[in-house]
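Student: Before we start, here is the structure in question, set down as structure tokens.
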Amino acid sequence: GIFWGYIGMIEGLTQRMKEEFGAEMTVIATGGLATLFAESTDVIQHSDSDLTLRGLLAIHKRNQTI
């Protein structure tokens, strides 16, 4: 029940955002369970479980040169 509840939230949120912005958009799932959610709904086009960590690493590296 909890898993499908999250799928419903993801689908509902992405639908509302598409309606608000009036355009199609690419939906990317991030985090440790990204692949699991992406495989269970058609609204997610890409999944990347390490996107946030790679972003933090890029910020860290950029700050090292300052």
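Student: Among the residues of segment 35-63, write down those that are within 17 Å of Trp4 (Cβ to Cβ) and either touching a residue at least 12 places away in the same chain (Cβ under 8 Å) or surrounded by 12 or more Cβ atoms within 10 Å (Cβ to Cβ) (or both).
Tutor: Of everything in segment 35-63, those that are within 17 Å of Trp4 (Cβ to Cβ) and either touching a residue at least 12 places away in the same chain (Cβ under 8 Å) or surrounded by 12 or more Cβ atoms within 10 Å (Cβ to Cβ) (or both) turn out to be Thr35, Leu36, Phe37, Ala38, Ser40, Thr41, Val43, Ile44.
Student: Name the single residue, out of those in segment 2-34 being more than 18 Å from Thr52 (Cβ to Cβ), aliphatic (A, V, I, L, M) and in contact with a Ser or Thr (Cβ under 9 Å, 6 or more places away or on another chain), that is surrounded by the most Cβ atoms within 10 Å (Cβ to Cβ).
Tutor: Ile7
So that you can scan it fast, the table gives a plain yes or no per residue for (1) assigned to a loop (DSSP other than H, G, I, E, B); (2) within 12 Å of the chain's Cα centre (by Cα):
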{"residue": "Gly12", "(1), (2)": "no, no"}
{"residue": "Lys18", "(1), (2)": "no, no"}
{"residue": "Glu24", "(1), (2)": "yes, no"}
{"residue": "Thr35", "(1), (2)": "no, yes"}
{"residue": "Ser40", "(1), (2)": "yes, no"}
{"residue": "Leu53", "(1), (2)": "no, no"}
{"residue": "Lys61", "(1), (2)": "no, no"}
{"residue": "Ile66", "(1), (2)": "yes, no"}
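Student: Right, something else. What number of residues in segment 4-34 are under 28 Å from Leu56 (Cα atoms) and either touching a residue at least 24 places away in the same chain (Cβ under 8 Å) or touching a strand residue (DSSP E or B) at 6+ places or on another chain (Cβ under 6 Å) (or both)?
Tutor: 9
Each value in this text was obtained by applying a stated rule to the coordinates, not by laboratory testing. Model, not experiment: these values are computed from the prediction. In this analysis, Cβ positions are derived from the backbone assuming ideal geometry, glycine residues included, and neighbour counts consider all displayed protein chains.
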